[in-house]
Structures are given as C-alpha cells and as structure tokens.
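Some notes on the structure that comes next.
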C-alpha cells in the first residue's frame with residue numbers, strides 16, 4: 001500500500017464518516033440525556049465496536065461471519081431490534097417532555113449504560129462489517145499487503161469516526177443551553193427517535 005492510495009482512502013473515509021448514521025444519533029441521544037460525560041462514553045463504546053469489527057475484517061474473521069448466513073442474519077436482526085428500541089426510547093422522551101425528571105434519572109444512569117448503548121449500536125450493525133469487507137480489499141495489494149496494512153485501514157475508520165463524533169460533541173456543548181429548551185429538545189428527540197427507527201427499518205428491509 002502506497003501513501004498515495006492511503007491518501008485516496010482517507011478522502012473516502014472522511015466522506016463516509018461525515019454521513020449521518022446510527023452512531024451520530026446515538027451520540028446525540030446520550031449527549032442530550034447524559035451531558036458531556038454521557039456523550040463521551042457513548043462515543044467510546046462506538047469506537048470500541050468499530051475497532052472490534054475492523055480487527056475482525058483485517059484478520060479474516062469478517063468474511064467468515066458474512067458467509068455464515070445464520071450468524072449474519074442474527075447480527076442483522078439484533079441491530080434492527082436495538083436501533084428500534086433506542087428510537088422508541090427517544091420518542092417516548094419527546095412525547096412526555098418531562099425533562100426535569102428525565103435528566104435526574106439520566107444523571108444517575110451508569111457510565112456503563114452509556115458506553116453499552118454506543119457499543120451495541122455499532123457492533124450489531126452489519127453495515128459496518130460490510131463496509132470494511134467491500135472497501136478494504138480495494139486499497140490492499142493481494143501480493144504485498146500484510147495484516148498490518150489491513151489493520152491500519154480499519155483503524156483509520158475507527159479513529160476518524162471517533163474524532164468526528166467528538167467534534168459533534170463539542171458543537172452540542174457550545175449550544176447546550178439552546179438545546180435544553182423544552183420545545184427544542186422535544187423536537188430533537190422526535191427527530192433522533194424517528195431516525196433511529198428509520199435506520200432499523202432500512203436494515204430490516206435489506207434482508
């Protein structure tokens with residue numbers, strides 16, 4: 001792998017990372033409900049999930065998962081259920097609108113819960129696995145490339161993805177006072193919940 005091909009890969013990854021997806025919505029959900037700490041823990045969970053899937057693909061395990069139809073289908077439906085579950089939670093928050101009580105509950109939520117939401121939303125999303133499997137081979141020389149090259153490409157996605165979510169967190173923090181207004185927050189919860197359910201439905205339809 002040359003630096004030129006890696007540069008082309010970086011451009012592609014940046015475009016993929018900037019596209020809104022489940023990870024973006026889960027980060028926003030946890031940043032609004034759990035503050036900066038909640039958002040950061042969700043981002044950390046997402047990054048760990050990304051690293052796990054990238055490592056699996058780089059070491060050849062991703063291909064085995066995709067070729068095992070029962071395992072891949074189970075993973076896909078677990079992702080569908082979990083995204084819809086998170087979406088329903090956000091919609092319920094929007095419908096109730098009682099953010100004083102919800103914030104009190106959210107402040108007591110364990111850090112592991114925030115981390116877990118990020119991790120599970122990523123690790124149960126087979127689209128991430130499919131992305132690695134379809135893109136990485138195009139930038140690897142089947143003769144000269146090593147497992148380290150594959151790991152570098154995979155971890156680039158995880159690192160840039162985490163950096164973008166951290167930038168998003170910083171933007172949320174800057175306008176947090178405005179976002180905490182009841183009407184604005186209800187609208188954001190409604191949009192976030194609808195988007196998460198939409199991602200889940202789209203994932204289910206791909207079967």
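Quick note: the coordinates plus some simple rules give every number you see, no bench work behind them. Note that the coordinates shown come from a computational prediction; the quantities given were computed from them, not determined experimentally. Here the Cβ positions follow ideal geometry from the backbone for every residue, glycine too, while neighbour counts run over all protein chains shown.
Listed values, structure above:
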{"quantity": "Pairwise centroid distance, computed over Cα atoms, of segment 4-60 with segment 122-148, Å", "calculated": "15 Å"}
{"quantity": "Ranked list, fewest to most other Cβ atoms within 10 Å of each Cβ, for 127, 29", "calculated": "127, 29"}
{"quantity": "Helix 69-96 axis, angle to the chain major axis (alpha carbon atoms, nearest 10°)", "calculated": "20 degrees"}
{"quantity": "Expected 222 nm ellipticity per residue - DSSP helices of 4 or more, -39500 (n - 2.57), all of the chain, to 500", "calculated": "-29000 deg cm²/dmol"}
{"quantity": "Helix 182-205 axis, angle to the chain major axis (alpha carbon atoms, nearest 10°)", "calculated": "40 degrees"}
{"quantity": "Per-pair calculated FRET efficiency, R0 = 30 Å: residue 14 and residue 78 via Cβ, rounded to 0.05", "calculated": "0.55"}
{"quantity": "Cα convex hull of the chain - mean projected area over all directions, nm²", "calculated": "11.6 nm²"}
{"quantity": "Principal-axis tilt of helix 111-123 within the chain, Cα atoms, nearest 10 degrees", "calculated": "40 degrees"}
{"quantity": "Distance-filtered residues of segment 119-141 - backbone nitrogen under 18 Å, label point 7 angstrom along residue 71 Cα→Cβ", "calculated": "123-134"}
{"quantity": "Percentage relative contact order, segment 3-205, counting C-alpha pairs under 8 Å, at least six apart", "calculated": "42 percent"}
{"quantity": "Efficiency of FRET between residue 170 and residue 127 - r from beta-carbon atoms, R0 30 angstrom, step 0.05", "calculated": "0.70"}
{"quantity": "Full-stretch length increase - residue 144, residue 186 - with 0.36 nm per residue and alpha-carbon distance subtracted", "calculated": "9.8 nm"}
{"quantity": "Order of 185, 114 - criterion: other Cβ atoms within 10 Å of each residue's Cβ, fewest first", "calculated": "185, 114"}
